[in-house]
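**Q** I'd like to ask some things about the structure below.
The values are calculated or read from the model by the stated rules, or taken from the named source; none is laboratory data. Being a predicted model, the structure only gives us computed values, none of them experimental. No Cβ is skipped: glycine too gets one built from the backbone with ideal geometry, and neighbour counts run over all protein chains shown. Please note that ligands, DNA and RNA were not included when accessible areas were found on the heavy atoms of the full protein model with its side chains. Shrake-Rupley method; radii C 1.70, N 1.55, O 1.52, S 1.80 Å.
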Amino acid sequence: MADPQKIHPVHDVEAPHASTAPLVPRGTSKSDGGDPTALGQRYPPFQRTIPVMHSKPPKKRSCWCKCLCWTVCLLLLQLIIIGILVGIIFLAFQPKLPKYSVDKMQITQFNLSGDDSLYAAFDVTITARNPNKKIGIYYEGGSSIGVWYTDRKLCQGALPKFYQGHRNTTVLNVPLTGQTQNANGLLTTLQQQQQETGSIPLTLRVNQPVRIKLGKLKLFKIKFRVRCRLQVDSLSANNAITIRNSSCKFRLRL
């Protein structure tokens, strides 16, 4: 009896031989960069660095800005207080502007001297009216009053010091004197003005410091400014002068 035939596996010589050896030796870690020389080194895990953004501290206001703000606030507060006080005074006292008029003018001297200077002397009658019920007016010293023809001053003087009470009318007789140099041409112009128009325009200006009395309170000094435009028939000495037209304007100055 024949022996049974044994079949042995035959290896394919053309098939690639699978390597059974591990790619990375035991006890070592695999390099991410694939560098075979760095197989034995351990690298820390990769961490992305995020830049830290520092916020800027708030700017502090300078001392100059603070002082400016406080100054503006104080000024506004003062204006508000002054406005309230003015409103209270207006409601309590109901102030009205005084009124002035030039009633009479007399010339005692108006002649040209040998040195070509014009000498003038006027007596002017002025009426001052205080229409207020609760306000008095102290007319202080240092006033000035003058008569002008265009831009040339003919004479000047001053108002007397006095107190004008409530609803009072005061008539003032004020003497004015003056000297104008190089007045030959001025006198000729005045004569031509009178012949052509029959009148001569004059301006009377008054600057008067006063103090206002509110009840028993006497306020600080202020200035009255009065300007009266006059039309007179002539400027002859020792002659009754007729005032044909008169209009006065009043201004208050602190």
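**Q** If only one of 187, 202 is at pLDDT below 95, of a type in the set (A, V, I, L, M) and more than 30 Å from residue 94 (Cβ to Cβ), which one is it?
**A** Criteria check complete, one pass: 187.
**Q** Would you mind stating whether residue 156 is surrounded by 12 or more Cβ atoms within 10 Å (Cβ to Cβ), under 39 Å from the mean Cα position of the chain (by Cα) and in contact (Cβ under 8 Å) with a residue 60 or more places away in the chain?
**A** The answer is no for residue 156.
**Q** Which of the residues belonging to segment 143-152 are under 34 Å from the mean Cα position of the chain (by Cα) and buried (at least 16 other Cβ atoms within 10 Å of the Cβ)?
**A** Scanning segment 143-152 gives 143, 145, 146, 148.
**Q** Against the condition open to solvent by 80 Å² or more (accessible area, probe 1.4 Å) and either of a type in the set (Phe, Trp, Tyr) or under 40 Å from the mean Cα position of the chain (by Cα) (or both), how does residue 104 come out, does it pass?
**A** When the stated conditions are applied, residue 104 does not pass them.
**Q** Same structure again: Could you tell me which of the residues 163, 149 is at pLDDT 95 or above, farther than 25 Å from residue 237 by Cβ and touching a strand residue (DSSP E or B) at 6+ places or on another chain (Cβ under 7 Å)?
**A** Only one candidate passes the filter, namely 163.
**Q** Can you find a residue in segment 160-179 that is open to solvent by 60 Å² or more (accessible area, probe 1.4 Å), under 34 Å from the mean Cα position of the chain (by Cα) and within 23 Å of residue 101 (Cβ to Cβ)?
**A** Checked against the condition, which is being open to solvent by 60 Å² or more (accessible area, probe 1.4 Å), under 34 Å from the mean Cα position of the chain (by Cα) and within 23 Å of residue 101 (Cβ to Cβ), segment 160-179 yields no hits at all.
**Q** Also, I was wondering about something else. Tally time: how many residues in segment 208-241 are open to solvent by 20 Å² or more (accessible area, probe 1.4 Å), without any contact (Cβ under 8 Å) to a residue 40 or more places away in the chain, more than 29 Å from residue 190 (Cα to Cα) and touching a Lys or Arg at 6+ places or on another chain (Cβ under 9 Å)?
**A** Residues flagged as open to solvent by 20 Å² or more (accessible area, probe 1.4 Å), without any contact (Cβ under 8 Å) to a residue 40 or more places away in the chain, more than 29 Å from residue 190 (Cα to Cα) and touching a Lys or Arg at 6+ places or on another chain (Cβ under 9 Å) within segment 208-241 amount to 3.
**Q** Additional query: Given the residues 169, 180, 197, 127, which is the only one that is under 16 Å from residue 243 (Cα atoms) and in contact with a Lys or Arg (Cβ under 9 Å, 6 or more places away or on another chain)?
**A** Criteria check complete, one pass: 127.
**Q** Which of the numbered conditions does residue 138 fail, given that it passes all the others? Conditions: (1) among the aromatic types (Phe, Trp, Tyr); (2) open to solvent by 50 Å² or more (accessible area, probe 1.4 Å); (3) within 30 Å of residue 188 (Cβ to Cβ).
**A** Evaluating residue 138 over (1) among the aromatic types (Phe, Trp, Tyr); (2) open to solvent by 50 Å² or more (accessible area, probe 1.4 Å); (3) within 30 Å of residue 188 (Cβ to Cβ) leaves (3) as the failure.
**Q** Looking at segment 108-122 only, could you name the residues that are acidic (Asp, Glu) and open to solvent by 60 Å² or more (accessible area, probe 1.4 Å)?
**A** Within segment 108-122, just 115 meets the criteria.
**Q** Shifting gears a bit: Residue by residue through segment 123-135, note down the ones that are over 30 Å from residue 94 (Cβ atoms) and surrounded by 17 or more Cβ atoms within 10 Å (Cβ to Cβ).
**A** 124
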